[in-house]
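The values are calculated or read from the model by the stated rules, or taken from the named source; none is laboratory data. Everything quoted here is computed from the prediction, not taken from an experiment. Cβ: placed from backbone, ideal geometry, glycine included. Neighbour counts: every protein chain shown.
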Amino acid sequence: MTTSRRSFLRSAVGVAVMSATGVPTLVACSNGSTASGPARASSVTLPTYVAFDGPKPDLAGTADGVPPGYLTYPKDLVTTVKTPPLSGGKVSVMTDIFDPLPPAKDKNAAWQAVEQKLGGTLDLTIVPDSDWATKFQTVLAANELPDLVLLSDSSLVNNLPAFLSAKCTDLTPYLSGDKVKDYPNLANIPQVIWQACVVQDKIYGLPIPRSITGGAGFYNKRLFDAAGIEYPATAEDFLAACKELTRPQQGQWAIVNSKGNTFFTMIQQMFGVPNGWKDDGGKLTRSFETPEYKAALEFAVQLVKAGVTVPGSDGIDGTARKNAFRAGKGALVYDGFPAYSGYVKDMSRLDPENDPRAFVPMAPKGGKANTWSDNILFAYTLMKKADEPRVKELLAVANFFAAPFGSTENLLLTYGVEGVDFTRDAKGNPTLTSKGEAELTVPWKYITAPPQALYNAQFPTYVERAHEDLTKLIGMVVKDPTASLISPTNDKSGGDIGQALTDVRNDVIAGRKPISAFEAAVQKWAKDGGDKIRGEFESALSGGASPR
Amino acid sequence: MKTSQRPPWMEAPSKAGLAIKGVVIAVVCLLVLYPFVNIVATSLAGESEITRRGGIIPLFPSEPTLAAYKTIFAGGVVSHALLVSAGITVIGTALNLVVTIALAYGLSRPIVGGRFVLTAVLFTMLFGAGIIPNFLLVKALGLYDSYASLIVPGLVSAFNFLVLRNFFQNIPAELLDSARIDGAGDLAILLRIVLPLSKAVLAVVALFYAVGHWNAFFNALLYLSDTGKWPLPLVLRLYVLQGQPVGGASESPGEAVASIQAVQMAVVVVALVPILCVYPFLQRYFTKGVLTGAIKG
């Protein structure tokens with residue numbers, strides 16, 4: 001739903017956006033100039049990684065992005081920001097919110113405390129995520145950018161490189177290499193994450209890091225145990241386990257599906273389907289052109305035919321999918337890794353025996369399973385063009401919001417003011433009061449954020465498991481070789497021709513069309529623009545400018 | 001239904017006919033009411049029941065709880081937004097009426113330049129300025145981030161203006177002339193003769209404006225940056241569309257927890273109830289008012 005609305009707005013507002021910001025869209029389109037090109041990692045020196053020297057975690061993190069784990073809240077917190085970044089001034093920020101609205105600043109103790117630490121006014125424009133596209137494009141078109149603005153969806157800007165160079169600060173001179181050491185909390189962000197903030201060989205974004213991979217879904221160990229099944233070692237075992245787990249007379253099936261066949265993501269990773277594209281020495285193959293994809297598709301058809309998915313679940317939405325998995329209607333579900341702690345909490349409340357675990361994909365005999373690096377960032381924040389002292393000031397503000405777990409700033413940003421927003425239990429773990437729950441939804445976690453840490457006082461076993469699972473999942477991760485490349489054709493029509501293909505795929509999975517129909521659809525995709533997209537990505541990959 | 005109400009040439013309805021009509025009306029009513037009952041029932045249901053029954057509670061929750069309402073009103077954000085919305089609705093509607101009445105009355109009589117002003121107003125009905133020019137205008141007028149940005153840009157709705165003007169034009173000129181002979185000025189005529197005769201249409205126009213203000217969402221999204229000024233629809237949207245679990249980091253075991261669906265449904269109830277309370281009082285004017293304005297052209 002969001003996508004279609006966004007693309008609608010893009011066509012309606014997008015043109016106006018670019019002409020109002022003074023970016024020469026038409027020129028760039030028509031004369032084939034080098035307005036955009038590849039964003040190769042090679043020529044930009046990424047910020048040097050300097051790990052935060054804070055409280056020792058119970059489970060160590062890695063530079064690949066496996067987060068450190070804490071079983072209890074650390075006691076020896078470190079203060080990372082000694083002098084307030086602002087001296088009485090103001091910083092305006094526009095960002096997203098997913099939570100209910102927090103109380104306004106004058107009634108919000110946490111907000112006031114944060115401003116005190118900042119040494120100035122935090123002027124936040126909070127935009128509901130569902131309305132982000134409208135507000136963002138209006139503000140952009142009216143040329144009213146705040147100091148810091150989230151770029152939650154880069155497709156909202158028609159010609160991203162041109163927009164960035166015209167309106168946003170190139171942060172490379174301030175953050176590249178050892179320069180980042182002036183901002184220790186930003187230096188604590190691993191390079192794999194900074195890599196995703198680079199456009200056109202320049203660092204434009206201040207990242208909001210995530211767990212690198214979105215994982216491959218979850219399974220409820222209680223149902224596996226009840227059926228007397230071991231965790232399957234191969235895809236063949238998986239199929240047998242699914243059949244075993246399916247007990248319609250008890251209202252239980254193996255897999256909870258949802259609209260768009262979300263369970264197919266698990267299957268693709270089991271069969272080692274590439275993450276978007278496969279780079280074979282500069283030659284690109286789209287994931288669905290590979291034999292792995294075909295095998296995965298055949299396997300999915302087999303699963304649906306065997307009746308192991310919850311009946312009718314291929315038409316349900318995300319909330320219904322979560323409900324079905326929580327209620328034990330299905331033993332396996334695809335959902336993003338960040339949903340893990342929510343499942344642990346909700347499901348233990350419904351039935352203490354419930355035991356949701358991350359699904360680590362297993363390969364078919366002789367194959368190789370993988371996971372995708374599809375959750376490196378939530379998004380990144382852009383800085384409006386400013387003079388050097390102001391840029392440094394704003395970077396110091398970003399540095400404050402990126403204060404890592406184990407710092408006093410992070411305690412304030414996550415839990416607010418002690419005694420008002422949170423109290424401590426016997427072990428010193430902070431617990432939000434009801435006032436704190438309301439106040440702490442201020443979306444500063446969507447300005448910039450530290451790399452993630454695993455901590456859960458209520459379910460310490462979750463921390464151990466999530467750490468173990470992420471270590472496995474990140475170990476299997478494959479990158480999308482086109483992640484930081486630009487293909488104008490893909491921006492323009494990639495979504496539409498991809499959707500046409502996905503529709504056929506869904507028909508195949510549901511058994512409405514034969515597999516041969518999918519092969520025909522792939523050829524049609526190539527003809528309708530797929531080959532052109534491939535060509536643009538390949539030339540961008542080889543270092544040439546992409547033709548825009 | 002008494003036969004006295006039907007024309008003499010019509011036969012009395014047969015029993016079967018009445019029964020069929022009754023059934024049809026009952027079915028239609030049920031179809032309309034059932035979703036409302038669903039909404040109220042779900043808003044009162046607990047988390048485990050909603051999860052167990054797959055999201056929607058058809059009629060009665062087995063263990064009713066007010067947890068969802070408690071969640072919404074915790075923190076005081078929603079109650080504050082309720083006040084803001086009520087204020088904007090009352091003040092905005094009053095200002096709308098004053099300006100629209102003045103314009104409609106002025107243009108309902110032949111005056112110099114009337115045609116031009118009329119065309120100018122009608123023009124806005126056919127051609128809107130678009131989101132971005134409006135945004136720039138609001139910003140340039142210094143209305144950005146103020147309550148006035150929710151009221152001023154829509155002060156006159158061309159449609160409501162037309163309804164009012166048509167109605168005013170149909171008040172006999174003789175009535176106004178005789179008032180003038182008695183020494184009444186334009187203001188006195190408007191206040192003491194025209195408006196009292198136009199109660200029905202005024203009620204309708206007021207309702208149109210009021211519902212518009214109550215549902216005000218888009219302008220608020222664009223023009224308000226301070227969340228403390230947000231009206232109810234914008235605040236409630238965060239609960240309905242985004243489906244995020246609310247708080248819940250520290251609930252004590254055994255305490256009822258509101259599920260997302262219950263909160264969403266409770267939000268719908270909160271947004272609906274005030275309008276539902278006002279509507280019956282205005283309903284009797286409703287059809288009458290719109291039709292008089294529209295038919296007598």
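Output the residue which, of all residues in the stretch A:102-122 that are closer than 20 Å to residue A:146 by Cβ and part of a loop (DSSP other than H, G, I, E, B), is nearest to the other protein chains (Cβ to nearest Cβ). Filtering the stretch A:102-122 for residues that are closer than 20 Å to residue A:146 by Cβ and part of a loop (DSSP other than H, G, I, E, B), the one nearest to the other protein chains (Cβ to nearest Cβ) comes out as A:104.
Filter the stretch A:356-380 down to residues that are over 18 Å from residue A:263 (Cα atoms) and of a type in the set (A, V, I, L, M) and give me whichever is surrounded by the fewest Cβ atoms within 10 Å (Cβ to Cβ).
As a first pass, look at the stretch A:356-380 and keep what is over 18 Å from residue A:263 (Cα atoms): A:365-368, A:376-380.
Of the ones still in play, those that are also of a type in the set (A, V, I, L, M) are A:376-377, A:379.
Working: A:376: 24, A:377: 17, A:379: 19.
In this case the residue turns out to be A:377.
Within the span defined as the stretch A:74-82, every residue fails to be surrounded by 13 or more Cβ atoms within 10 Å (Cβ to Cβ), among the hydrophobic types (A, V, I, L, M, F, W, C), closer than 16 Å to residue A:117 by Cα and in the same structural domain as residue A:384 (by TED's automatic domain parsing).
I'd like the residue in the stretch B:104-133 that is outside any helix (DSSP H, G or I) and among the aliphatic types (A, V, I, L, M) and, out of all such residues, is farthest from the chain's Cα centre (by Cα).
Of the residues in the stretch B:104-133, the ones outside any helix (DSSP H, G or I) are B:109-113, B:127-130.
Now restrict to residues that are among the aliphatic types (A, V, I, L, M): B:111-112, B:129.
Working: B:111: 33, B:112: 35, B:129: 24 Å.
By that ranking, first place goes to B:112.
Can you name the residue in the stretch A:430-455 that is at the interface with chain B (Cβ under 10 Å from one of its Cβ atoms) and among the polar types (S, T, N, Q) and is also nearest to the chain's Cα centre (by Cα) among such residues? Ranking the qualifying residues of the stretch A:430-455, first place goes to A:441.
Before we move on, is residue A:362 modelled with pLDDT of 90 or more, in contact with a Cys (Cβ under 8 Å, 6 or more places away or on another chain) and not acidic (Asp, Glu)? Show your work before the answer.
On the way: modelled with pLDDT of 90 or more: yes; in contact with a Cys (Cβ under 8 Å, 6 or more places away or on another chain): no; not acidic (Asp, Glu): yes.
The answer is no for residue A:362.
All of (1) within 14 Å of chain B (Cβ to nearest Cβ); (2) farther than 26 Å from residue A:494 by Cα hold for residue A:306 with one exception: (1). If you go through the stretch A:48-101 and pick out every residue that is part of a loop (DSSP other than H, G, I, E, B), of a type in the set (Ser, Thr, Tyr) and within 14 Å of chain B (Cβ to nearest Cβ), you end up with 1. Scanning the stretch A:280-321 for residues that are at pLDDT 85 or above and of a type in the set (D, E, K, R) yields A:280, A:283, A:286, A:289, A:292, A:294, A:298, A:305, A:314, A:321.
Quick one: would you say residue A:400 is part of a loop (DSSP other than H, G, I, E, B), of a type outside the set (Gly, Ala, Ser) and surrounded by 20 or more Cβ atoms within 10 Å (Cβ to Cβ)? Please lay out each step first, then the result.
On the way: part of a loop (DSSP other than H, G, I, E, B): no; of a type outside the set (Gly, Ala, Ser): yes; surrounded by 20 or more Cβ atoms within 10 Å (Cβ to Cβ): yes.
Criteria not met by residue A:400.
When the residues of the stretch A:213-225 are filtered to those that are in contact with a strand residue (DSSP E or B) (Cβ under 9 Å, 6 or more places away or on another chain) and not in a loop (DSSP other than H, G, I, E, B), the one that is surrounded by the fewest Cβ atoms within 10 Å (Cβ to Cβ) is A:221. Does residue A:147 qualify as being surrounded by 19 or more Cβ atoms within 10 Å (Cβ to Cβ), within 14 Å of another protein chain (Cβ to nearest Cβ) and acidic (Asp, Glu)? Yes: the conditions hold for residue A:147.
State yes or no: is residue A:449 assigned to a loop (DSSP other than H, G, I, E, B), buried (at least 20 other Cβ atoms within 10 Å of the Cβ) and on the phi < 0 side of the Ramachandran plot? Against the criterion (assigned to a loop (DSSP other than H, G, I, E, B), buried (at least 20 other Cβ atoms within 10 Å of the Cβ) and on the phi < 0 side of the Ramachandran plot), residue A:449 qualifies. Residues in the stretch B:65-118 that are farther than 30 Å from residue B:172 by Cβ, modelled with pLDDT of 85 or more and surrounded by fewer than 17 Cβ atoms within 10 Å (Cβ to Cβ): B:83, B:86, B:87, B:90, B:91. Residues of the stretch A:164-212 being surrounded by 22 or more Cβ atoms within 10 Å (Cβ to Cβ) and among the aromatic types (Phe, Trp, Tyr), which ones? Answer for the stretch A:164-212, where residues must be surrounded by 22 or more Cβ atoms within 10 Å (Cβ to Cβ) and among the aromatic types (Phe, Trp, Tyr): A:183, A:194, A:204. Every condition in (1) out of contact with any Lys or Arg (no Cβ under 7 Å at 6 or more places or on another chain); (2) surrounded by fewer than 19 Cβ atoms within 10 Å (Cβ to Cβ) is met by residue A:353 except one, and the failing one is (1). Restricting A:432, A:454, A:485, A:501 to those that are under 30 Å from residue A:304 (Cα atoms) and surrounded by 18 or more Cβ atoms within 10 Å (Cβ to Cβ) reduces the list to A:501. Checked across the stretch B:131-147, the condition of being at positive phi and surrounded by 13 or more Cβ atoms within 10 Å (Cβ to Cβ) holds for at least one residue.
Residue pairs whose Cβ atoms lie under 9 Å apart, separated by 6 or more positions or on different chains, with the first residue in the stretch B:260-273 and more than 9 Å from chain A (Cβ to nearest Cβ) and the second part of a helix (DSSP H, G or I) and among the basic types (Lys, Arg), are B:267/B:237. You will find that of B:98, B:138, the residue that is away from chain A (no Cβ under 14 Å) and not polar (S, T, N, Q) is B:98 and no other.
Would you please name the residue that is farthest from residue A:149 (Cα to Cα), looking only at residues in the stretch A:168-206 that are in a helix (DSSP H, G or I) and touching a Lys or Arg at 6+ places or on another chain (Cβ under 6 Å)?
Step one: list which residues in the stretch A:168-206 are in a helix (DSSP H, G or I), which gives A:172-175, A:178-182, A:184-187, A:191-197.
Narrowing further to those that are touching a Lys or Arg at 6+ places or on another chain (Cβ under 6 Å): A:172, A:187.
Values: A:172: 18, A:187: 21 Å.
Across the stretch A:168-206, the extreme among qualifying residues is A:187.
Per the conditions (1) buried (at least 16 other Cβ atoms within 10 Å of the Cβ); (2) within 23 Å of the chain's Cα centre (by Cα), the sole criterion not satisfied by residue A:317 is (1).
Say we look at the stretch A:322-337 and pick out the residues that are within 15 Å of residue A:308 (Cα to Cα) and not in a loop (DSSP other than H, G, I, E, B); which of these is nearest to the other protein chains (Cβ to nearest Cβ)? The qualifying residue nearest to the other protein chains (Cβ to nearest Cβ) is A:324.
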